Amino acid sequence: MTTLYITGAGVSAESGIPTFRGEDGFWTIGSRNYTPQQMATRAMYMDNPLQFLKWYYHRFVTYRHHGPNSVHQWLADKNLITQNIDGLDGKAGNTDFISIHGRIDKMTIFHEQGEIVPIESAPWGQVDENNLTSSLLELFKIPHIGPQLNVSYKPHVLLFDEFYTELYGIDTAQKRMWDATKMVFMGTSFSVNITQMALDVARHKEIPVEVVDPSPAHILYDNVQYFPMTAKEYIDYVEQTNT
């Protein structure tokens, strides 16, 4: 049996990283003038790059040094697609996971979507918080007229108004979906395209699906089993069942 694990923000909650839609979630807290859904867009990056980078820095980059928890470690040898950009699966030792929404510790040259460009390390360690404005613009090579294609840099994260490309591993992710004989969704609210894409494949193939979450989202599919618990509790259950 080839099990595909698809994880969301709930898996990283025990590492001290906020989920997206909780009280202190990433998509709950925006900036003074914009909602998170407005902030996390390519349009905002292009029109107001400083506002975008400062929000991104304060809401995401400050968590870059957090470590993996026992769930990440359990998933270290698993067939895994994660929606999380925290990179904790890599820190836990998974060398073949797909970070379908990008990585907080990476950046790319600002390019037209669909182009294949190198993925580079982001210079967050060089940010001067005493001169945050000038530091961010300088490190991401953004002139006063705004981001320039093939000159400026952009955090390697899939934004709300962008689409999945092979730079994020979408072709490999889809192949893993079609090769799977079972799918396990852990800590996700099923509110992003990748989970719907995977569910469509599961329905088409009529393979079993498991949904793991303290408050699991109910999906329109007959061959599904719900586990209303944390990912850690689910792992304990699985290991006890298999012994």
Query - Helical mean residue ellipticity (222 nm; -39500 (n - 2.57) per DSSP H run of 4+; nearest 500) of the chain - result: -8000 deg cm²/dmol
**Report entry** 3J(HN,Hα) from dihedral phi, segment 106-112, Karplus parametrisation 6.51/-1.76/1.60, rounded to Hz, x for glycine, proline
**Finding:** 10, 8, 9, 4, 5, 9, 5
**Report entry** Estimated Rh, the chain: Kirkwood, alpha-carbon pairs, angstrom
**Finding:** 18.9 Å
Report task. Positive end of the charge dipole of the chain (Lys, Arg +1 and Asp, Glu -1 on Cβ, about the Cα centre): tell me which of His144, Phe110, Met197 has its Cα farthest that way. Result -> His144
Query - Charged-residue dipole, Cβ positions (Lys, Arg, Asp, Glu), segment 99-232 about Cα centre, Debye nearest 20 - result: 300 debye
Report summary line: Residues whose modelled amide H sits under 5 Å from the amide H of Lys106, counting only those 5 or more places away in sequence or on another chain, are Ala122, His156
Query - Listed residues Thr181, Thr35, Leu132: farthest to the positive end of the dipole of the chain (Cβ charges) - result: Leu132
Requested in this report: Based on alpha-carbon positions alone, could you give the equivalent ellipsoid semi-axes of segment 46-138 from the gyration tensor, as √(5λ), descending, whole Å?
Outcome: 27, 17, 10
Query raised in the report: How long is segment 158-243 along each principal axis, judged by its Cα atoms, biggest number first, in Å?
Result: 41, 26, 25
**Report entry** Per-residue ³J(HN,Hα) for segment 85-100, Karplus 6.51 cos²θ - 1.76 cosθ + 1.60, θ = phi - 60°, Hz, x for Gly and Pro
**Finding:** 9, 6, x, 5, 5, x, 5, 7, x, 6, 9, 10, 7, 9, 9, 5
Report task. For Val184, enumerate residues with amide H under 5 Å from its amide H, sequence gap 5+ or separate chain, H modeled in the peptide plane. Result -> Leu4, Tyr5, Ile6, Glu210
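A short reminder: the numbers here are calculations on the coordinates, not readings from a lab. Since we're looking at a predicted model, the values are computed, not measured. All Cβ positions, even for glycine, are placed from backbone atoms using ideal geometry, and neighbour counts span all protein chains on display.
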